[in-house]
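The block underneath contains the structure these notes are about, expressed in structure tokens.
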Amino acid sequence: MAAVRRARADYLARHEPAPERRVRRWAVSPRLALAALGVVVLVGAAVALRAGTSGVGEPVVLATPSPPAAAPAEPTSVVVHVVGAVVAPGLVTLPAGARVGDAVAAAGGSTEEADLSALNLARTLVDGEQVLVPRPGEVVTASAPVDDGLVDINTASEAQLTALPGVGPVMAGRIVDARPFASVDELSRVSGIGPTVLGRLRPLVKV
């Protein structure tokens, strides 16, 4: 009997199919799955945000509008030429609204031979005029400036000066700062006015 059982066991061992092996699959917990889904959502949002802002350019800076040009200021001074019976004849600069008497005083005062009764010392000065202090017997003529079409470099505004050939806004400012001029040729002491420019200006200006 023992031999029969042994033979049967050997037969079964040779002919009975082997038991199937179970393949164990990885199990994913719900918590781990939710965490992975959250990471995917965050990455997708970051990519979308970057794609949406990549086309945005630099902020546009609007230029500040320039303030309107100020109106030319009223003259604050006058320049007159005092001649005749005064101590120091020449050009004098006085505040706007000054009188003939102020011009005589600025020229050192009248000499002993001056005939002041021939003058109206209370008259308001006109910019660019000549004030003649007469001696006895001299006739005082009208002293208001004559409009001869020339630009008076001692009284012209910067806008009038820039109308001259070769004179721009900067040059006009230099001319105003260098006043008064005793003659047209004194323009040569203004920086930028050389012989060529002075030659063009000489027939167009006066003092």
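Just the protein heavy atoms count here, and of the accessible area of segment 85-207 at 1.4 Å, carbon and sulfur take up 56 percent. Averaged over residues, the count of other Cβ atoms within 10 Å places the peptides 167-176, 152-161 in the sequence 152-161, 167-176, highest first.
A crude spin-label estimate for the pair Ser117 and Ala96, with each label 7 Å from Cα along the Cβ direction, gives 3.7 nm. Judged by the mean number of other Cβ atoms found within 10 Å, the most tightly packed of the peptides 92-99, 190-197, 80-87 leads the ranking 80-87, 92-99, 190-197. Close amide H partners of Val131, meaning residues 5 or more places away or on another chain with modelled amide H under 5 Å apart, are His81, Val82, Val83.
The values are calculated or read from the model by the stated rules, or taken from the named source; none is laboratory data. Small disclaimer: the values here were computed from a predicted structure and weren't measured. Counting neighbours? That spans all protein chains shown, and the Cβs are built from the backbone with ideal geometry, glycine included. Ligands, DNA and RNA are excluded from the accessible area calculation, which covers all protein heavy atoms including side chains. Shrake-Rupley method; radii C 1.70, N 1.55, O 1.52, S 1.80 Å.
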